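Peer 1: Here it is: the structure, laid out below.
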Amino acid sequence: MGEPNIDSRSSRWCLQGMTALVTGGSKGIGYAIVVELAQLGATVHTCSRNEAELSESLHKWATKGYRVTGSVCDVTSRADREELVSRVASEFNGKLNILVNNVGTNVWKELLDYTEEDFSFVVNTNLQSAFHLSQLAHPLLKASEAGSIVFISSIGGVVSINIGSVVYSATKGAINQMAKNLACEWAKDKIRTNCVAPGIIRTPTAEEFLKEGNIGNAFIPRTPLGRFGEGEEVSSLVAFLCLPAASYITGQTICVDGGFTVNGLYIS
């Protein structure tokens, strides 16, 4: 077998001609993912609850020549989810290559202080929205004959991270399992499913979280690389998992955490 030609090699490392839906793309990790996919050639649709933030982001992307559209959507609303996927189906002619379930939230309370409303809000935002959007997008992903779903999970779905994250971590653990099972169930439809599990990443949401208590003082010493991550360090992995070059990777949960989840007791 001869060496692949240059065009063949380069096409494995770009998303030219592909379509993507990224939820929660107006800020933080979602914003970085939209930029990464667009820079690699994908046409992207994203959504946000905040119309002003979304409009500002769309303007920035337009000035850079990225092919990105957006719509206002609250992913906790079943009707909004259905409207979002219907719009994407129309915009992309019934085919979708990439779905990134990025939206996530938490209510930082100890379990005994959790209310039924708190529980429902976190589960609906993190887990039910990802489940339902994947279900809705399935026909579009199948039609593309090269579908990829990436769930943005968390190290909280792999290890215990902090008091106040019981329900949050449970939803992320469930997402990890959903990706594994869908990888098997939907392989026949040529749809790959993977999870990216970030550690603490510098985003507007994380900055607020880090102000409370000595979270940074607790995480940094347990992180071999000795720092927090950046949004671009998550988005690069998300994009890789969507590339043709990653076509044999499915059902995986990959942590982007500077080594936090693999660090045992280390004495220097």
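Peer 1: On the given criteria, is residue 55 among the small types (Gly, Ala, Ser) and over 17 Å from the mean Cα position of the chain (by Cα)?
Peer 2: yes
Peer 1: Another question, if that's okay. How many of the residues in the stretch 93-114 are modelled with pLDDT of 95 or more, more than 20 Å from the chain's Cα centre (by Cα) and open to solvent by less than 60 Å² (accessible area, probe 1.4 Å)? Can you show your working first?
Peer 2: So the first thing to find is which residues in the stretch 93-114 are modelled with pLDDT of 95 or more, and the list is 93-103.
Adding the requirement that they be more than 20 Å from the chain's Cα centre (by Cα) leaves 93-94.
Narrowing the set further to residues that are open to solvent by less than 60 Å² (accessible area, probe 1.4 Å) leaves 94.
Result for the stretch 93-114: 1.
Peer 1: Quick one: which of 54, 58 is farther than 25 Å from residue 154 by Cα, assigned to a helix (DSSP H, G or I) and touching a residue at least 12 places away in the same chain (Cβ under 8 Å)?
Peer 2: Details: 54 fails: farther than 25 Å from residue 154 by Cα.
The conditions single out 58.
Peer 1: Any residue in the stretch 228-239 that is touching a residue at least 40 places away in the same chain (Cβ under 8 Å) sitting within a Cβ distance under 8 Å of a residue that is open to solvent by 10 Å² or more (accessible area, probe 1.4 Å) and of a type in the set (S, T, N, Q)? List the pairs, counting only those 6 or more apart or interchain.
Peer 2: From the stretch 228-239, the pairs are 231/203.
Peer 1: Quick one: what pairs do we get from the stretch 14-27, first residue closer than 7 Å to residue 41 by Cβ, second hydroxyl-bearing (Ser, Thr, Tyr) and surrounded by fewer than 24 Cβ atoms within 10 Å (Cβ to Cβ), C-beta under 7 Å, 6+ apart or different chains?
Peer 2: Pairs that qualify, where the first residue is closer than 7 Å to residue 41 by Cβ and the partner is hydroxyl-bearing (Ser, Thr, Tyr) and surrounded by fewer than 24 Cβ atoms within 10 Å (Cβ to Cβ): there are none.
Peer 1: A further question follows. Is there a residue being over 13 Å from residue 252 (Cα atoms) and either assigned to a helix (DSSP H, G or I) or modelled with pLDDT under 95 (or both) anywhere in the stretch 175-184? Explain how you work it out, then say what you get.
Peer 2: Taking the stretch 175-184 first, the residues over 13 Å from residue 252 (Cα atoms) are none.
No: zero hits.
Peer 1: Taking the stretch 183-196, which residues are touching a residue at least 60 places away in the same chain (Cβ under 8 Å) and crowded, with 20+ Cβ neighbours inside 10 Å? Spell out the reasoning first.
Peer 2: From the stretch 183-196, those touching a residue at least 60 places away in the same chain (Cβ under 8 Å) are 183-184, 187, 194, 196; that's our starting set.
Those that are touching a residue at least 60 places away in the same chain (Cβ under 8 Å) and crowded, with 20+ Cβ neighbours inside 10 Å: 194, 196.
Peer 1: Let me ask you something else. Does residue 155 fit the bill of being β-branched (Val, Ile, Thr), open to solvent by less than 20 Å² (accessible area, probe 1.4 Å) and touching a Gly at 6+ places or on another chain (Cβ under 7 Å)?
Peer 2: On the way: β-branched (Val, Ile, Thr): yes; open to solvent by less than 20 Å² (accessible area, probe 1.4 Å): yes; touching a Gly at 6+ places or on another chain (Cβ under 7 Å): yes.
Yes: the conditions hold for residue 155.
Peer 1: Now a separate question. Which of the numbered conditions does residue 149 fail, given that it passes all the others? Conditions: (1) part of a helix (DSSP H, G or I); (2) under 24 Å from residue 89 (Cα atoms); (3) within 19 Å of the chain's Cα centre (by Cα).
Peer 2: (1)
Peer 1: Within the stretch 81-92, is even one residue among the charged types (D, E, K, R), in a helix (DSSP H, G or I), closer than 25 Å to residue 194 by Cα and touching a Leu at 6+ places or on another chain (Cβ under 6 Å)?
Peer 2: Scanning the stretch 81-92, I find at least one residue that is among the charged types (D, E, K, R), in a helix (DSSP H, G or I), closer than 25 Å to residue 194 by Cα and touching a Leu at 6+ places or on another chain (Cβ under 6 Å), so the answer is yes.
Peer 1: So, one more: Being within 28 Å of residue 200 (Cα to Cα) and hydrophobic (A, V, I, L, M, F, W, C) narrows it down to one residue among 75, 88; which is it? Talk me through it step by step, then tell me what you get.
Peer 2: Values: 88 fails: within 28 Å of residue 200 (Cα to Cα).
Only one candidate passes the filter, namely 75.
Peer 1: Could you check the stretch 226-240 and list, in sequence order, the residues that are modelled with pLDDT of 95 or more and more than 14 Å from residue 29 (Cβ to Cβ)?
Peer 2: Of everything in the stretch 226-240, just one residue is modelled with pLDDT of 95 or more and more than 14 Å from residue 29 (Cβ to Cβ), namely 240.
Peer 1: I'd like to know if the stretch 27-35 contains one or more residues that are out of contact with any Leu (no Cβ under 7 Å at 6 or more places or on another chain) and in a loop (DSSP other than H, G, I, E, B). Talk me through it step by step, then tell me what you get.
Peer 2: Residues of the stretch 27-35 out of contact with any Leu (no Cβ under 7 Å at 6 or more places or on another chain): 27-35.
Going one step further and asking which of them are in a loop (DSSP other than H, G, I, E, B), we end up with 27.
Yes, the stretch 27-35 contains a residue that is out of contact with any Leu (no Cβ under 7 Å at 6 or more places or on another chain) and in a loop (DSSP other than H, G, I, E, B).
Peer 1: Just a yes or no: is a residue in the stretch 243-265 of a type in the set (Asp, Glu), open to solvent by 20 Å² or more (accessible area, probe 1.4 Å) and modelled with pLDDT of 95 or more? Before the answer, list the steps.
Peer 2: Going through the stretch 243-265, the residues of a type in the set (Asp, Glu) turn out to be 257.
From what is left, the residues that are open to solvent by 20 Å² or more (accessible area, probe 1.4 Å) are 257.
Remaining after also requiring modelled with pLDDT of 95 or more: 257.
Within the stretch 243-265, one or more residues are of a type in the set (Asp, Glu), open to solvent by 20 Å² or more (accessible area, probe 1.4 Å) and modelled with pLDDT of 95 or more.
Peer 1: Restricting the stretch 40-58 to residues that are out of contact with any Ser or Thr (no Cβ under 6 Å at 6 or more places or on another chain) and closer than 19 Å to residue 96 by Cβ, which is most open to solvent (accessible area, probe 1.4 Å)?
Peer 2: Result: 40.
The values are calculated or read from the model by the stated rules, or taken from the named source; none is laboratory data. Small disclaimer: the values here were computed from a predicted structure and weren't measured. Virtual Cβ from ideal backbone geometry, glycine too; neighbours counted across all protein chains shown. Ligands, DNA and RNA are stripped out before the accessible areas are found, and what is left, the full protein with its side chains, is counted by its heavy atoms. Shrake-Rupley method; radii C 1.70, N 1.55, O 1.52, S 1.80 Å.
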